[in-house]
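Asker: Before we start, here is the structure in question, set down as structure tokens.
The values are calculated or read from the model by the stated rules, or taken from the named source; none is laboratory data. For clarity, every value in this text was computed on a predicted model and none was experimentally measured. When we count neighbours, we look across all protein chains shown, and the Cβ atoms used for this are built from the backbone with ideal geometry, even at glycine. Ligands, DNA and RNA are stripped out before the accessible areas are found, and what is left, the full protein with its side chains, is counted by its heavy atoms. Shrake-Rupley method; radii C 1.70, N 1.55, O 1.52, S 1.80 Å.
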Amino acid sequence: RWVIVDADGRDGSDLCPAGRFTMDVGMSACSACGLGTFGGLAGSSTCAACNVGMFSNVTEVRSCSLCAPGRFMAEIQQSACQTCRPGTMNPDAGSAECPDCEIGRFAPGVSSTACTLCGEGLASEALWVTMRAIPARHGKGITWVLRVRLHTCTHLVMTQDDFWHRITMVIAVGGHCV
């Protein structure tokens with residue numbers, strides 16, 4: 001039986017296993033790699049951070065997991081991925097972002113993996129809105145110019161009431177102004 005030893009004459013049986021590490025010389029105990037990190041090799045003195053598009057949500061892992069399609073992670077060393085928001089999509093595992101749907105397509109929910117083509121006579125592009133708010137006490141007006149992306153297809157011509165209803169719905173379900 002052959003036993004492979006390192007330069008110090010150790011046979012490897014006293015090394016920390018993958019997913020664990022020690023910085024102690026002479027090693028008295030191994031520590032678990034934490035959330036968002038991994039230890040891919042036995043005998044590690046540190047754990048590595050998960051890259052963008054990846055995560056580890058348990059300790060002592062040998063490798064990080066890829067974010068699923070419809071999810072992303074733009075930062076390193078994370079324990080979970082984020083969901084793609086409405087109006088964006090991601091068809092691939094391991095992504096660092098969820099790009100916006102192209103004009104004429106939409107993704108109505110979170111975690112979309114594809115954008116759907118709008119039907120004939122419908123559009124999904126962002127709209128520029130000018131709103132004026134007048135506080136009751138002071139009488140001075142404040143004007144905002146917002147770009148609002150509707151996350152559904154809509155008729156190319158909308159009534160004012162339909163537009164404000166849709167804007168209210170976008171804000172109520174976590175929509176955003178850009």
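Asker: Which residues, counting only those in the range 91-109, are farther than 23 Å from Val61 by Cβ, in a loop (DSSP other than H, G, I, E, B) and touching a residue at least 12 places away in the same chain (Cβ under 8 Å)? Talk me through it step by step, then tell me what you get.
Answerer: Pass one, the range 91-109, residues farther than 23 Å from Val61 by Cβ: 91, 97-109.
Filter once more, so that each one left must be in a loop (DSSP other than H, G, I, E, B): 91, 97-99, 101-104, 107-109.
The answer is Pro91, Glu97, Cys98, Cys101, Glu102, Ile103, Gly104, Ala107, Pro108, Gly109.
Asker: How many residues, within the range 48-64, are assigned to a loop (DSSP other than H, G, I, E, B) and open to solvent by 40 Å² or more (accessible area, probe 1.4 Å)?
Answerer: Qualifying residue count for the region: 8.
Asker: Which residues, counting only those in the range 68-85, are open to solvent by less than 40 Å² (accessible area, probe 1.4 Å) and either in contact (Cβ under 8 Å) with a residue 60 or more places away in the chain or in a loop (DSSP other than H, G, I, E, B) (or both)? Break it down stepwise before answering.
Answerer: Filtering the range 68-85 for residues open to solvent by less than 40 Å² (accessible area, probe 1.4 Å) gives 70, 72-73, 81, 84.
Scanning the range 68-85 gives Gly70, Met73, Cys81, Cys84.
Asker: What tally of residues in the range 86-137 results from selecting those that are within 30 Å of Val52 (Cβ to Cβ), open to solvent by less than 60 Å² (accessible area, probe 1.4 Å), modelled with pLDDT under 90 and not hydroxyl-bearing (Ser, Thr, Tyr)?
Answerer: Total satisfying the criteria: 8.
Asker: Also, I was wondering about something else. Restricting the search to the range 40-60, which residues are more than 11 Å from Thr22 (Cα to Cα) and over 16 Å from the mean Cα position of the chain (by Cα)?
Answerer: If the condition is that a residue be more than 11 Å from Thr22 (Cα to Cα) and over 16 Å from the mean Cα position of the chain (by Cα), then Gly40, Leu41, Ala48, Ala49, Val58, Thr59, Glu60 are the ones that fit.
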